[in-house]
Amino acid sequence: MEGNTLMNKNKISPDYYQKGKIEVTDFITDQNMTFVEGNVVKYVCRYKDKSGIQDLRKARWYLDKLIEIQMDTKPFKEGE
């Protein structure tokens, strides 16, 4: 238990990741997201409070990368 307390004290958690009831990194971890998926969530969650359009562009880049990965691993079917 003491180890968890120490980790909580030393967390690197800017305010823009702590809005709402769950911290963004905790949500990403809880959902077992990949690095690419997590970055989509991270940049969308923080864009209003940090880098605005630049963060949305980063989110789009990662979303496009995720689509590319999915297209490579799962063949495209008509209507998708």
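The values are calculated or read from the model by the stated rules, or taken from the named source; none is laboratory data. Everything numeric in this text was worked out from a predicted model, so none of it was measured. Here Cβ is always computed from backbone atoms with ideal geometry, including for glycine, and neighbour counts include all displayed protein chains.
General remarks:
- Of residues in the range 38-52 being basic (K, R) and buried (at least 18 other Cβ atoms within 10 Å of the Cβ), the one nearest to T25 (Cα to Cα): K42
- Applying the condition of being in a helix (DSSP H, G or I) and acidic (D, E) to the range 19-52 and asking which residue is modelled with the lowest pLDDT yields D26.
- Test for D55: is it at pLDDT 95 or above and exposed (fewer than 15 other Cβ atoms within 10 Å of the Cβ): no
- Scanning the range 19-51 for residues that are of a type in the set (A, V, I, L, M) and under 11 Å from the mean Cα position of the chain (by Cα) yields V24, I28, M33, V36, V40, V41, V44.
- Cβ-Cβ distances below 8 Å connect the following pairs, each with a first residue in the range 20-40 that is among the aromatic types (F, W, Y), a second residue that is surrounded by 11 or more Cβ atoms within 10 Å (Cβ to Cβ), and a separation of six or more residues or different chains: F27/V41.
- Y16 being outside any loop (DSSP other than H, G, I, E, B), under 15 Å from the mean Cα position of the chain (by Cα) and either exposed (fewer than 10 other Cβ atoms within 10 Å of the Cβ) or modelled with pLDDT under 75 (or both): yes
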